[in-house]
Amino acid sequence: MRRTQLFVKTRRETPGDEPSLNAQLLIKAGYVHKELAGVYSYLPMGKAVIDNISKVIREEMDSIGGNEVLMSTLQNKELWQASGRWDDRVVDSWFKTKLTNGTELGIGFSHEEPLTNALKHFINSYKDLPVYPYQIQTKFRNELRAKSGLMRGREFLMKDLYSYSRSAAEHEAFYEKVSEAYLKIYNRLGLGAITYKTFASGGVFSEFSHEFQTLSHVGEDTVFVDEDKKFAVNKEVYNDETLVKLGLDKSKLVEQKAVEVGNIFSLGSKYSDALGLYFVDEEGEKQSIIMGCYGIGVSRIMGLLAEHFADKDGLVWPQNIAPFEVYLAKLGLDPSVIGEADTVYNRLTERGISVVYDDRDIRAGEMFADADLMGMPYRIVVSQKTLGTGNLELKKRGEQAAQSVSLDNLVEIILNARKY
């Protein structure tokens, strides 16, 4: 993609109505547009980052047997009344609306009830189970105070998977598979070393849950981490009884700030029974279906990556998440420089390396400032100076020093740095 053809505009000033650093950076770098508090639109580069995060999640969900669906956003009131969650005293973050005939509808904050109701048309026998549908879809929650930019919004993108199993044992086996898949996802996103499976409350979903908490200075949650066991406890359930139950030594736990990047819940048959979803076993007996639900905040992860890894100059994306791997800067309008830059651009794209080619006629300082702000992993410079050496100037984002490399070596450096 040539910069002159890319729908993006960077800015130097910090938006005055945005207190969150991740949203400030993403707005300044041209990734998102703020519509209102807690609501953001994704511009081309922001959409690319969201798609790259979703790709990682989708691959890991597919690998454990997930089947992707896309459910409706509008919610049938009667389904939620059946489960007891329509009442605002039970779920205090509903957005609700009405049809012109007065029929009241919900605007989806989760999908246990509608998906379970839909599966009544597809599940009858034990032979129809287990099933693991998931989606990557926009959710709506009426947060009293939207804050933290993309990390706590009223409209956000979420991956939610639901499991339907024949027995508690079958459910528990899959629950652990999801847990392992989540840790793989965070590792692929560059968060593996600082993300912990965390014991927590189940809220409106179940008695308890497991969260996945990423340690960060921008965290709103407090967790107590056992670094040896790679496990943590959320402050909200931190007490002596919980520690005994989990077999944790209080003296080994370290208090940390963290950001919740995922959660998994065991639901039992609470929702399947309420919605009338059962199966007939091998003996012809009607049995309850055991459910679980498993969420990852896709846009929240984007906000966390943007803020946690940022430096004074701007964004610093992991290579497999960045909208482009390379920011190619052409300095000047000399035909020989343009010719060399075009050659580099074509060679990189032929090898499957994504490139944003800054072909504008602007000062080098402005170009380099944009490259840092936008956060691509590598910046390559083609200029009269580099033509004289026969090499290219390569600088990795976040490092101070640039190096002089040949085009062949440059390609290999970028390809070899890919982790997945």
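Against the condition in a loop (DSSP other than H, G, I, E, B), in contact (Cβ under 8 Å) with a residue 12 or more places away in the chain and basic (Lys, Arg), how does residue 360 come out, does it pass?
yes
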- Every listed condition ((1) within 27 Å of residue 184 (Cβ to Cβ); (2) of a type in the set (Asp, Glu); (3) modelled with pLDDT of 95 or more) holds for residue 285 save (1)
- Note on the structure: Those residues of segment 363-373 which are assigned to a helix (DSSP H, G or I) and among the charged types (D, E, K, R) amount to 366, 370, 372
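Is it true that some residue in segment 217-237 is in contact (Cβ under 8 Å) with a residue 60 or more places away in the chain and of a type in the set (A, V, I, L, M)?
Applying the first criterion (in contact (Cβ under 8 Å) with a residue 60 or more places away in the chain) to segment 217-237 yields 217-218, 220.
Remaining after also requiring of a type in the set (A, V, I, L, M): 218.
Within segment 217-237, one or more residues are in contact (Cβ under 8 Å) with a residue 60 or more places away in the chain and of a type in the set (A, V, I, L, M).
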- Inside segment 373-420, can you point out the residues that are of a type in the set (D, E, K, R), touching a residue at least 24 places away in the same chain (Cβ under 8 Å) and in contact with a helix residue (DSSP H, G or I) (Cβ under 8 Å, 6 or more places away or on another chain)? 379, 397, 419
- Task: Please go through segment 126-140 and pick out each residue that is touching a residue at least 12 places away in the same chain (Cβ under 8 Å) and basic (Lys, Arg).
- Result: 139
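Looking for whichever is of a type in the set (Gly, Ala, Ser) and modelled with pLDDT under 95 here; the options are 329, 322, 310. Which one fits? Quick ask: steps written out before the conclusion?
Numbers: 329 fails: modelled with pLDDT under 95; 322 fails: modelled with pLDDT under 95.
Every option except 310 fails the conditions.
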- Please indicate, with yes or no, whether at least one residue in segment 252-266 is assigned by TED's automatic domain parsing to the domain that holds residue 191, surrounded by fewer than 18 Cβ atoms within 10 Å (Cβ to Cβ) and closer than 30 Å to residue 13 by Cα. yes
- Kindly establish whether residue 260 is closer than 28 Å to residue 163 by Cα and out of contact with any Leu (no Cβ under 8 Å at 6 or more places or on another chain). yes
- Scope segment 374-394; condition in a helix (DSSP H, G or I) and either buried (at least 22 other Cβ atoms within 10 Å of the Cβ) or modelled with pLDDT of 95 or more (or both); matching residues: 374
- Message: Tell me whether segment 247-258 contains one or more residues that are under 25 Å from residue 159 (Cα atoms), without any contact (Cβ under 8 Å) to a residue 60 or more places away in the chain, among the charged types (D, E, K, R) and in contact with a His (Cβ under 7 Å, 6 or more places away or on another chain).
- Response: yes
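Which is hydroxyl-bearing (Ser, Thr, Tyr), under 23 Å from the mean Cα position of the chain (by Cα) and buried (at least 16 other Cβ atoms within 10 Å of the Cβ), of 163, 167? First the steps, then the outcome.
Numbers: 167 fails: under 23 Å from the mean Cα position of the chain (by Cα).
On inspection, the qualifying residue turns out to be 163.
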- Give segment 94-103 a look and list any residue that's free of Cβ contacts under 8 Å to residues at least 12 places away in the same chain and surrounded by 13 or more Cβ atoms within 10 Å (Cβ to Cβ), or say none. 96
- Note on the structure: Over segment 170-220, the set of residues within 24 Å of residue 269 (Cα to Cα), β-branched (Val, Ile, Thr) and either within 13 Å of the chain's Cα centre (by Cα) or outside any strand (DSSP E or B) (or both) is 178, 204
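The values are calculated or read from the model by the stated rules, or taken from the named source; none is laboratory data. Every value quoted in this text rests on a predicted model; they were computed, and no experiment measured them. Heads up, the Cβs are rebuilt from the backbone with ideal geometry, glycines too, and the neighbour counts pull from every protein chain shown.
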